[in-house]
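One structure is given here, and the rest of the page talks about it.
The values are calculated or read from the model by the stated rules, or taken from the named source; none is laboratory data. Quick caveat: nothing in here was measured; it's all calculated off a predicted structure. Note that we place each Cβ from the backbone using ideal geometry, even for glycine, and neighbour counts take in every protein chain shown.
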Amino acid sequence: MEKEYFAHETAVIDDSCKIGKGTKIWHFSHVMTGSEIGENCNIGQNVVISPGVKLGRNVKVQNNVSLYTGVTCEDDVFLGPSMVFTNVINPRSAIIRKDSYYTTIVEKGASIGANSTIVCGNKIGTYSFIGAGAVVTKDVKPYALVVGNPARQTGWMSEYGHKLIFDNTGMATCPESGERYKLEDGKVSKII
């Protein structure tokens with residue numbers, strides 16, 4: 001049976017992986033046993049996907065990213081170049097902590113900028129936007145824009161990746177899509 005995904009000849013694909021139709025895996029990347037990659041994903045060069053990692057549909061992983069056991073990315077997630085996940089809070093070389101991995105969830109549509117670090121055990125909210133170089137040490141709200149070290153929220157983003165400017169009634173419009181958003185009680189929701 002012919003595979004329904006593309007893997008560059010230098011990529012290493014271990015047994016017992018699930019890789020969706022239309023996915024592309026590029027140079028020197030390693031997909032490890034028991035990981036799951038959805039349809040139409042793009043896995044850049046020099047990426048490591050560890051055992052048990054789950055990627056939804058249409059996830060874009062840029063070059064030099066390591067996704068460690070405990071990470072789940074939902075559909076339409078963007079992982080910028082050289083961003084990093086962790087999976088242990090207190091690593092030590094001489095102490096084995098494979099039974100202590102924390103779970104990190106990246107929800108649908110979230111974008112994580114280049115060279116960012118996501119400390120394990122946190123949830124990155126739906127359509128949130130992590131600025132380049134940010135160090136995320138706590139949960140990020142849906143649609144939130146966070147930057148800095150440690151990462152702090154500085155605004156809100158639309159599903160198209162534009163900063164939202166709310167009026168005095170708590171309403172904002174995405175300049176690209178025209179979609180409307182409401183800010184209420186410290187939470188943003190799209191008006192349907």
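Residue-level check: of (1) within 26 Å of Ser189 (Cα to Cα); (2) among the β-branched types (Val, Ile, Thr); (3) at pLDDT below 95, Ile89 misses just (1). With respect to Gly155, is the statement that it is outside any strand (DSSP E or B) and either modelled with pLDDT of 95 or more or in contact with a helix residue (DSSP H, G or I) (Cβ under 9 Å, 6 or more places away or on another chain) (or both) true? For Gly155, the condition - outside any strand (DSSP E or B) and either modelled with pLDDT of 95 or more or in contact with a helix residue (DSSP H, G or I) (Cβ under 9 Å, 6 or more places away or on another chain) (or both) - is not met. With respect to the conditions (1) out of contact with any Pro (no Cβ under 6 Å at 6 or more places or on another chain); (2) farther than 22 Å from His162 by Cβ, Thr69 falls short on a single one, namely (1).
If you go through the range 91-148 and keep only what is acidic (Asp, Glu) and in a loop (DSSP other than H, G, I, E, B), you end up with Glu107, Asp139. A Cβ distance below 9 Å, combined with a sequence gap of six or more or placement on separate chains, defines the contacts here; from the range 83-94, residues that are free of Cβ contacts under 8 Å to residues at least 24 places away in the same chain reach residues that are charged (D, E, K, R) in the pairs Asn90/Arg97; Pro91/Arg97.
Of the residues making up the range 69-90, those that are in a loop (DSSP other than H, G, I, E, B) and in contact with a Lys or Arg (Cβ under 7 Å, 6 or more places away or on another chain) are Glu74, Asp75, Asp76, Val88. I need the full set of residues from the range 39-72 which are crowded, with 23+ Cβ neighbours inside 10 Å and more than 21 Å from Glu4 (Cα to Cα), in order please. Across the range 39-72, the qualifying residues are Val65, Leu67, Val71.
Could you please find all residues in the range 42-62 being under 24 Å from Tyr102 (Cα atoms), part of a loop (DSSP other than H, G, I, E, B) and under 14 Å from the mean Cα position of the chain (by Cα)?
The answer is Val47, Val53, Gly56, Arg57, Val59, Gln62.
Within the range 158-192, the only residue that satisfies the criterion of being surrounded by 15 or more Cβ atoms within 10 Å (Cβ to Cβ), of a type in the set (S, T, N, Q) and in a strand (DSSP E or B) is Thr173.
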